[in-house]
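Student: This structure is in structure tokens; I'll ask about it shortly.
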Amino acid sequence: MTSDETRVLDAALSCVERFGFSKVTIDDITVASGVSRATIYRLFPGGREVLFEAMRLRELERFFSRLQSAAAGSRNLEELLTRCIVFSSRELQNDQHLAAMLASERGEALANLTVDGVPRIVNVATQFFVPLAEEFVSPETAIQIVEVLVRLVISYFLAPSMRVDFTSEDSVRAFLESFSFLNDLVQQ
């Protein structure tokens, strides 16, 4: 990624945090980044939506890179899943940008976590999770686990449970142990 791309994506994120997705213009990003309008369109042909998609992907990659570090060194599948669920849930719960977006632009934020966002999130999560999980399960099984984990974590974040706390390692372990599929996966 070039320094101009980095400055533009940083500026876009900053503008979205200040104004919300719907109110940010390319001119706002031009001013905040110090990069010309022409350069922005050259870097992100298609304009605003292409730029926002690049920003979303970069933020997902940053998130999953931190998750990968937090989950590295897991001794078994249960520990890997527990670390991934707890880390992801805590990150979502403590994400001030996401909280602000849910408060100010709920529809856009929810779309990025559900209908529009799940395929993007699953794709990026797969790139980061599969290499960690291959030690314990086949790549195909790891891909299936990613989709289930992404959907579970998002669901529990958006509609917290009174019975399961995904930010607690003990609660997540008890949740995972209650499903016999975990033993089947470990034995594969």
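The values are calculated or read from the model by the stated rules, or taken from the named source; none is laboratory data. Fair warning: this is a prediction, and the values are worked out from it, not measured in the lab. Every residue, glycine among them, receives a Cβ derived from its backbone with ideal geometry; neighbour counts consider all protein chains shown. Surface accessibility is based on the protein's heavy atoms, side chains included, excluding ligands, DNA and RNA. Shrake-Rupley method; radii C 1.70, N 1.55, O 1.52, S 1.80 Å.
Student: About the Cα centre, and with charges only on the beta carbon of Lys, Arg (+1) and Asp, Glu (-1), how big is the dipole of the range 76-188? Nearest 20 debye, please.
Tutor: Dipole size: approximately 280 debye.
Student: In the chain, which helices (entire DSSP H runs) extend 18 Å or more along their own long axis, judged by Cα positions, while averaging at least -0.5 on the Kyte-Doolittle scale?
Tutor: Membrane-span-like by this rule: 3-19, 48-71, 77-94, 117-133, 139-158.
Student: Let me ask another. Would you mind listing how long the range 1-47 runs along its three principal axes, going by Cα atoms, in whole Å with the largest first?
Tutor: Result, largest extent first: 24, 18, 15 Å.
Student: Divide by every residue of the chain the summed helix terms, -39500 (n - 2.57) for each DSSP H run of at least 4, and state the resulting mean residue ellipticity at 222 nm, rounded to the nearest 500 deg cm²/dmol.
Tutor: -24500 deg cm²/dmol
Student: Arranged from highest to lowest average of other beta-carbon atoms within 10 Å per residue, in what order do the peptides 134-140, 89-95 appear?
Tutor: Most protected by this proxy first, the peptides run 89-95, 134-140.
Student: A further question on this structure: Shape call for the range 77-125 from the C-alpha gyration tensor, a ≥ b ≥ c root eigenvalues: rounded (a/c under 1.5), prolate (a/b greater than b/c) or oblate? Don't skip to the answer; put the middle values down first.
Tutor: Details: a/c = 3.75, a/b = 1.55, b/c = 2.42.
Taking the square roots of the gyration eigenvalues as a ≥ b ≥ c, the range 77-125 is oblate.
Student: Over all directions, how big on average is the projection of the convex hull of the alpha-carbon atoms in the chain, in square nanometres?
Tutor: Mean projected area for the chain: 11.3 nm², to one decimal.
Student: Over the Cα atoms of the range 82-188, compute the convex hull volume and normalise it per residue, giving Å³.
Tutor: Numbers: hull volume 10.7 nm³, N = 107.
Spread over its residues, the Cα hull of the range 82-188 gives 100 Å³ apiece.
Student: Skip the ligands, DNA and RNA, and give the accessible area per residue of the range 1-41 with a 1.4 Å probe, whole Å².
Tutor: With all protein chains present, the range 1-41 gives 52 Å² per residue.
Student: While we're looking at this one, here's another question. Given the options Ser14, Met101, Ser65, identify the residue whose Cα lies farthest towards the positive end of the charge dipole of the chain (+1 on Cβ of Lys, Arg; -1 on Cβ of Asp, Glu).
Tutor: Ser14
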